[in-house]
Amino acid sequence: MRRNCAAFAALAILCAPVAASAQSARLDREIDELTQRVERLEGIRAVKKLQRAFGFYVDRGLWGEAADLFADDGTIEIGIDGVYVGKERIREYLKRLHGGQEGLIYGQLNEWVTLQPAISIADDGMSATARWRDLGMLGQYKQHAEWRDGIYENTYVKGADGIWRIRSLHLYVNFVTPYEKGWARLQPGEGLLRSDASKEFPPDRGPSDNYEPFPAVQLPPFRAPNPVTGKNVEGGQ
């Protein structure tokens, strides 16, 4: 009996480090998983903050503030105007697109309402994609007023300094239509035109996609997979 007790005690002593090691490994895994989850949530929050800041800055003609949200080699592409690369080019393009001065012109309406965020953080936590709905209320007091509809398909990057920035902002414009006329009376191709700003200040690259605006059905490609199936979403351009 004493021999059996001694054997069990010896076995318990030998197994204790193994059990403690297994428990420690399990706790390490849980800590890593929680850390990744927190970083992912912080990334989503940072991306939302970035995009909303862009909308508010552009709303009030703060072109420099808007451009500073981009990475050094960041890009912007709006409709068929082409691609502008780098903060200075983005700032100048935005300024020319909206009257050519710092701040809005008196009586100018420039509301970039950004809705429906669908954000996907990469597995390494260093980049993200996001799809947004654009609703624009545009115009000039007592002169003209327009609606704009479109979809953003954007990318974002987390820098070595831990700060998130816009890597690429791509607004697929579905239409820009006079307020009085509305989108129901648009003729094919009428709701999407190249801006005068892009003609006078040419882009670094041409449009990256072939556009089929309203009344055709335009489906901008999804960068992120289906969140339930994990499969790529087909049917985009």
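The values are calculated or read from the model by the stated rules, or taken from the named source; none is laboratory data. Quick caveat, the model's predicted, so the values are computed rather than measured. Cβ coordinates were reconstructed from backbone atoms using ideal geometry, including for glycine residues, and neighbour counts include every protein chain displayed. Side chains included, ligands, DNA and RNA excluded: accessible areas come from the protein's heavy atoms. Shrake-Rupley method; radii C 1.70, N 1.55, O 1.52, S 1.80 Å.
Out of 77, 65, 42, one residue alone is farther than 30 Å from residue 205 by Cβ, at pLDDT 90 or above, acidic (Asp, Glu) and under 20 Å from the mean Cα position of the chain (by Cα). It is 42.
Counting only residues that are in contact with a Leu (Cβ under 6 Å, 6 or more places away or on another chain) and not charged (D, E, K, R), which one in the range 142-163 is nearest to residue 123 (Cα to Cα)? Only one residue fits best here, namely 154. Looking only at the range 186-204, count how many residues are under 14 Å from residue 218 (Cβ atoms) and open to solvent by 80 Å² or more (accessible area, probe 1.4 Å). Qualifying residue count for the region: 1. Taking the criterion of being open to solvent by 30 Å² or more (accessible area, probe 1.4 Å), of a type outside the set (A, V, I, L, M) and in contact with a helix residue (DSSP H, G or I) (Cβ under 8 Å, 6 or more places away or on another chain), would at least one residue in the range 151-158 satisfy it? Yes - at least one qualifying residue is present in the range 151-158.
Could you check the range 69-117 and list, in sequence order, the residues that are among the charged types (D, E, K, R) and touching a His at 6+ places or on another chain (Cβ under 7 Å)?
If the condition is that a residue be among the charged types (D, E, K, R) and touching a His at 6+ places or on another chain (Cβ under 7 Å), then 77 is the only one that fits.
Tell me whether the range 148-161 contains one or more residues that are of a type in the set (Asp, Glu), over 27 Å from residue 99 (Cα atoms) and without any contact (Cβ under 8 Å) to a residue 24 or more places away in the chain. Yes, that holds for at least one residue. Summed over the range 79-117, the residues that are within 27 Å of residue 212 (Cα to Cα) and either touching a Cys at 6+ places or on another chain (Cβ under 7 Å) or open to solvent by 60 Å² or more (accessible area, probe 1.4 Å) (or both) give a count of 5.
Considering 71, 46, the condition of being among the aliphatic types (A, V, I, L, M), touching a residue at least 40 places away in the same chain (Cβ under 8 Å) and not in a helix (DSSP H, G or I) is satisfied by 71 alone.
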